[in-house]
Amino acid sequence: MMKNLFISFALLLLSQHAFSQIQFTTFYTKDGKQTQKQEEAHYYRIFLYPVEEGQKPVVEEYYISTNELKLKGTYKDTDARQFVGEKYEMYENGNVLSREKYSDDGLLIDTAYQFYESGILHTAFYYPSSLDTEGKLKIDSPLFLVHCDSTGAITLKNGNGYAELSNTHAREYGNYVNHKREGEWGGWFLDDKYTFTENYQDGKLISGISTDEDGIKTPYDSTTFEVSPEYPKGINTFRRTVLNNYKYPKEAIAANVSGKVILTFVIDKDGKMRDIVIQKDLGHGTGRAAIDALRGSGKWSPGIIRGVPVRVSYTLPISLSIH
């Protein structure tokens, strides 16, 4: 009897529990790279898949050195790994790093706080929300409520003043006027390998220049400030290519295997796909077949931050079913 095979996927640009879950643990170095060697790990991540309808997956991270909480949050679902509800991050000394709240659509809402490692408040942003004519949640421009320096002195209040900001990509400093960036800004990005200066007018980026460690300068503007990797002819072509490349293993067909294979991969500075890792395997050759399908998908255009090509990581769930 001929069995019908179905393959699909979605591309995503990642204690005690009161309900039943399936738990997966992965280890990461200090710079966020996954490692198989626990002795190299700075923290570990527990991903808890719900097994009952209506429950959401929970993600928790813990520091290896102290086994204290590093991050805790809830994802919308196992495919769209967007945070919903409350999300907390902690410093290694146990103090709160940030506290945020997300809507059911994964959008920042209400007030978001960041703190210095000492426990002093760093920043507070308010994300106003409203419903549009179709009843869909709309997030308006964030309001910068307050910024404090490391001593607790207020340098910005109600959207006016000087601020020093940091995130996973960069450290930035400059002035706000009426909640919008204004004038010259500067800082560092990509692990401080690059410096930058840029100019804003009424919150809009006019121009910028990145400088690497060798003094080589790269100009950019709003169109090349931050660009995601792109697949030739678009993401739908990528989907079709991977689906066409995937060969359902005979052993998996014989074993009637269905479910989800989850991979991660990186698009490097040249647009090549690298570092393909199986996060979740169904066995019977399904994971290896997914890797083979990806490797045959071809080259992308690279991602760009402040005019500079960068590596970008992706998570790729592939759904398999036999019916």
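What the table below lists for this structure:
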quantity: Selection status of Thr211, within 23 Å of Lys299 (Cβ to Cβ) and surrounded by 12 or more Cβ atoms within 10 Å (Cβ to Cβ); calculated: no
quantity: Search result, residues across the stretch 248-268 that are assigned to a loop (DSSP other than H, G, I, E, B) and farther than 23 Å from Leu190 by Cβ; calculated: Tyr248, Pro249, Ala255, Asn256, Val257, Ser258
quantity: Test: Thr25 is assigned to a strand (DSSP E or B), at pLDDT 85 or above, of a type in the set (Val, Ile, Thr) and out of contact with any Cys (no Cβ under 9 Å at 6 or more places or on another chain); calculated: yes
quantity: Residue tally, condition closer than 12 Å to Gly307 by Cα and not in a loop (DSSP other than H, G, I, E, B), over the stretch 199-223; calculated: 9
quantity: The listed residue being farther than 30 Å from Pro309 by Cα and at pLDDT 95 or above, out of Leu121, Leu137, Leu131; calculated: Leu121
quantity: Residue list for the stretch 234-256, restricted to those being touching a helix residue (DSSP H, G or I) at 6+ places or on another chain (Cβ under 6 Å) and surrounded by 18 or more Cβ atoms within 10 Å (Cβ to Cβ); calculated: Val242, Tyr246, Pro249, Ala252
quantity: Residue match in the stretch 168-182 (condition: among the acidic types (Asp, Glu), over 27 Å from Asp31 (Cβ atoms) and outside any loop (DSSP other than H, G, I, E, B)); calculated: yes
quantity: The stretch 113-145, subset part of a loop (DSSP other than H, G, I, E, B) and touching a Cys at 6+ places or on another chain (Cβ under 9 Å), residue farthest from Gly203 (Cα to Cα); calculated: Ile120
quantity: Failed condition for Asp214, given (1) modelled with pLDDT of 95 or more; (2) under 25 Å from the mean Cα position of the chain (by Cα); calculated: (2)
quantity: Test set (1) modelled with pLDDT under 85; (2) surrounded by 15 or more Cβ atoms within 10 Å (Cβ to Cβ) - Ala41 fails condition number; calculated: (1)
quantity: Boolean, Tyr231 is under 30 Å from Ile262 (Cβ atoms) and either touching a helix residue (DSSP H, G or I) at 6+ places or on another chain (Cβ under 9 Å) or not charged (D, E, K, R) (or both); calculated: yes
quantity: Matching residues, the stretch 276-299, being within 19 Å of the chain's Cα centre (by Cα) and under 18 Å from Phe238 (Cα atoms); calculated: Ile276
quantity: Exclusive hit being in contact with a strand residue (DSSP E or B) (Cβ under 6 Å, 6 or more places away or on another chain) and assigned to a loop (DSSP other than H, G, I, E, B), set Gly298, Gly287, Gly271, Gly283; calculated: Gly271
quantity: Odd one out for Lys76 among (1) surrounded by 15 or more Cβ atoms within 10 Å (Cβ to Cβ); (2) modelled with pLDDT of 95 or more; (3) farther than 21 Å from Tyr28 by Cβ; calculated: (2)
quantity: Candidate set: the stretch 304-323, residues that are closer than 19 Å to Asp31 by Cα and assigned to a strand (DSSP E or B); chosen: the one modelled with the lowest pLDDT; calculated: Thr315
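The values are calculated or read from the model by the stated rules, or taken from the named source; none is laboratory data. From a predicted model like this one, the values you see are computed outputs, not experimental measurements. Ideal geometry is used to build each Cβ from the backbone, glycine not excepted, and the neighbour counts take in all protein chains shown.
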